[in-house]
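Computed from the coordinates by the stated procedures, all read-outs in this text should not be read as laboratory data. Computed from a predicted structure; not experimentally measured. Every residue, glycine among them, receives a Cβ derived from its backbone with ideal geometry; neighbour counts consider all protein chains shown.
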Amino acid sequence: MFKPTFSAALYLLLVFLSGAVVGTVAYRAYTMNTASAGAPARKRDPEEFRKHYVQDMRTRLKLDGQQVAQLEQILDQTREEFHQMNAKMRAEGGAIQNHQVEKINTMLREDQRPLYEKFRAEREAERKRRQAEKGDFKK
């Protein structure tokens, strides 16, 4: 009578332990960050990306020299259009933000306005600090 109870308990313990091992391995596999591969992620340089893009287009599409020159011109024009669009969006966004600040200032009492300016300066300093940490130097 002792042997069957002991065997059942041993099998139950082995099943429990194997479940724990499988669960641990599965959890580690699920949460593992495969993209890092031990090296920090690096932001790709736009010029490096462009060089690889042009090279891929040249090889895969078998572009001739004239087509590569046209492609470069198209990429230059597109880049300029994006720069213009971004500048316009920054200007419009700044105008919207300035309008918001004006409306908030009209809502505040005279004694609250200096506190609001201090609050805004602190938030701006924090934003610049975060951008510097990320390596994003846009203003």
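Observations, loosely collected:
- Taking label positions 7 Å along the Cα-Cβ direction at both residue 11 and residue 70, the computed distance is 7.6 nm, reported to one decimal.
- Eligible aspartates and glutamates near residue 51 by straight Cα distance, threshold 19 Å, same-chain separation 8 or greater: 64, 72, 76, 80
- Here is how the number arises for the chain: DSSP H runs of 4 or more residues each give -39500 (n - 2.57), the sum is divided by the residue count, and the result at 222 nm is -28500 deg cm²/dmol.
- The chain - charge dipole about Cα centre, Lys and Arg +1 at Cβ, Asp and Glu -1, debye rounded to 20: 440
- Calculated FRET value between residue 83 and residue 44, using beta carbons and R₀ = 25 Å, to 0.05: 0.85
- Principal axis dimensions, largest first and in whole angstrom, of the range 60-139 by Cα: 70, 27, 14
- Options 65, 27, 10, ranked by Cα towards positive dipole end of the chain, top entry (Cβ charges): 10
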